[in-house]
Each structure stands twice: as structure tokens, then as C-alpha cells.
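The values are calculated or read from the model by the stated rules, or taken from the named source; none is laboratory data. Small disclaimer: the values here were computed from a predicted structure and weren't measured. Don't worry about glycine lacking a Cβ; one is built from the backbone with ideal geometry, like all the others, and counts go over all protein chains shown. For the accessible areas, the whole protein counts, side chains as well, though only heavy atoms, and no ligand, DNA or RNA atoms are used. Shrake-Rupley method; radii C 1.70, N 1.55, O 1.52, S 1.80 Å.
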Amino acid sequence: MYSFYVFEGSFHQGGGGWEDIEVSHSLPAIQQAAVEYIRLGNWAGARDNFLVRVYQAGQLAMEVDLYPFLQVKVPELTVISFGSGGQPHGGEPEPGSEYEEEMDDYEPGEWIEFYLHNVFQAIAEEEADDIEVTIDWARLALPELKQPVLPDGKGVYVRQIQGNKSTWREAITVDDDVDPDDDLEERFGYGRYLTCGYNSIDL
């Protein structure tokens with residue numbers, strides 16, 4: 001069984017939501033996927049999972065919440081940092097910012113939530129290059145993958161607990177081509193099929 005990294009940025013609500021998932025043997029590819037997820041902004045109004053998983057020989061060896069390692073800087077605001085689960089801190093208007101008067105209507109904690117829900121997405125759509133995203137990968141100290149690593153073009157089936165899409169378990173390599181009509185749950189149990197690379201899933 002192969003080793004690989006997984007980045008997941010997701011939002012789950014009832015029977016809906018989305019998952020942006022990158023599966024790769026390349027740590028730089030995972031790092032880039034995490035940065036782009038923040039810069040493109042969908043997460044700002046609906047925070048849920050923002051994490052990296054490490055699979056060694058098909059077994060989940062490590063799962064890390066990235067929020068405590070994340071800092072976001074947008075023009076005219078101080079740096080935004082995050083607690084576990086995505087609780088934002090900072091992000092106050094800099095002196096002379098167009099947001100100074102607007103912030104007066106909010107308590108500091110209420111202001112940054114308002115900003116992320118109502119302003120950040122628009123900036124991400126129009127001026128994503130102006131958003132600076134920093135993730136402290138050195139402090140995370142993700143391990144190197146054990147050989148063999150998941151090759152490009154391979155798929156994996158990740159087992160999960162039914163009714164809890166946030167709980168990931170062991171992964172099985174799927175060597176044959178997967179037809180959309182294939183019932184993989186019948187073959188492998190409850191879970192999800194992912195290809196090596198980017199996976200966008202609407203729930």
C-alpha cells in the first residue's frame with residue numbers, strides 16, 4: 001500500500017457542503033493547494049476543516065489542523081491569525097484604512113467575523129494576488145513519506161465512519177479504472193474514492 005499526503009479544505013452542513021481535496025506524494029503540491037484554498041476565499045464565510053493528513057503505507061499516521069499555523073494579510077488590515085477550528089483574531093483596520101469608521105460599529109471579535117463573511121470573498125474574487133497567505137510548515141514538521149509513494153494516476157479509497165465525513169480511516173489503493181456506476185461501498189465499505197491530484201466534491 002502507498003504513502004501520500006492529503007490536504008482538505010471543507011465545509012459540512014447537514015446533507016450539504018463542499019470538500020476541496022488534494023492527494024499527492026508531493027509536499028509542495030499540498031502546500032500550494034492549502035494556500036490557494038485560502039486565497040480563493042470560499043472558506044471565509046463557512047469555516048470547517050482546513051487540515052493536512054499523512055498516510056504511511058495506507059494507514060492514517062498524522063492529521064493536523066492548519067488553522068493555528070495560518071496567517072492571512074489583506075490590504076489595510078493587520079495580520080489575521082486563527083485559533084483551532086478557524087476562530088479568527090486580529091484583522092483590525094490599519095491607520096488611515098477605509099475600514100476604520102466601519103469597524104466602530106462592531107466589537108473587535110464581531111468586526112473580523114463580519115469582514116470575513118461579507119468582504120473577504122469579494123476581494124478574493126477580484127484581487128486574489130493581494131492576499132498574502134503564510135502557513136508555518138516548518139513548525140508543522142510533516143514527516144517524509146515512506147516508500148512506495150502513491151504514483152500519479154492512481155486512485156485511493158478512504159474508509160470513513162458512516163455519517164461522519166470528517167473521520168478518515170485506512171486507505172486502499174484502487175488499481176483498476178473506476179466507472180461512475182461502480183458501487184465501491186459494496187467492495188470496500190463506507191468511504192470515498194479520490195484520485196491522485198485535485199478532487200472537488202459537492203455534498
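Exactly one residue out of E110, E100 is free of Cβ contacts under 8 Å to residues at least 24 places away in the same chain, touching a Pro at 6+ places or on another chain (Cβ under 8 Å) and open to solvent by 10 Å² or more (accessible area, probe 1.4 Å): that is E100.
So which residues in region 143-161 are of a type outside the set (S, T, N, Q) and open to solvent by 30 Å² or more (accessible area, probe 1.4 Å), if there are any at all? Answer for region 143-161, where residues must be of a type outside the set (S, T, N, Q) and open to solvent by 30 Å² or more (accessible area, probe 1.4 Å): P143, E144, K146, P148, V149, P151, D152, G153, K154, R159, I161.
Residues of region 166-176 that are within 18 Å of the chain's Cα centre (by Cα), surrounded by fewer than 18 Cβ atoms within 10 Å (Cβ to Cβ) and not polar (S, T, N, Q): R169 alone. Scanning region 7-22 for residues that are more than 9 Å from the chain's Cα centre (by Cα) and within 16 Å of L66 (Cα to Cα) turns up just one, F11.
Residues in region 9-23 that are closer than 28 Å to G153 by Cβ and open to solvent by 40 Å² or more (accessible area, probe 1.4 Å): W18 only.
Regarding Q160, is this residue free of Cβ contacts under 8 Å to residues at least 40 places away in the same chain and polar (S, T, N, Q)? Yes, satisfied.
Is it the case, given these coordinates, that A124 is exposed (fewer than 11 other Cβ atoms within 10 Å of the Cβ) and within 22 Å of E8 (Cβ to Cβ)?
no
Taking into account only those residues within region 77-86 that are open to solvent by 30 Å² or more (accessible area, probe 1.4 Å) and either at pLDDT 90 or above or part of a strand (DSSP E or B) (or both), which is nearest to Q31 (Cα to Cα)? Per the criteria, the residue is S81.
Among the residues of region 38-53, just one is touching an Asp or Glu at 6+ places or on another chain (Cβ under 8 Å) and of a type in the set (V, I, T), namely V52.
Would you mind stating whether G58 is exposed (fewer than 14 other Cβ atoms within 10 Å of the Cβ) and within 22 Å of D20 (Cα to Cα)? Spelling it out, it is not the case that G58 is exposed (fewer than 14 other Cβ atoms within 10 Å of the Cβ) and within 22 Å of D20 (Cα to Cα).
Residues are listed down the side, and each one gets a yes or a no for (1) surrounded by fewer than 17 Cβ atoms within 10 Å (Cβ to Cβ); (2) β-branched (V, I, T); (3) closer than 18 Å to Q160 by Cβ:
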| position | (1), (2), (3) |
| --- | --- |
| H25 | no, no, no |
| P28 | yes, no, no |
| L40 | yes, no, no |
| N49 | no, no, yes |
| V72 | no, yes, no |
| P75 | yes, no, no |
| H89 | yes, no, no |
| P95 | yes, no, no |
| D104 | yes, no, no |
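Scan region 139-151 for residues that are under 21 Å from the mean Cα position of the chain (by Cα) and within 11 Å of G197 (Cα to Cα) and the total you get is 1.
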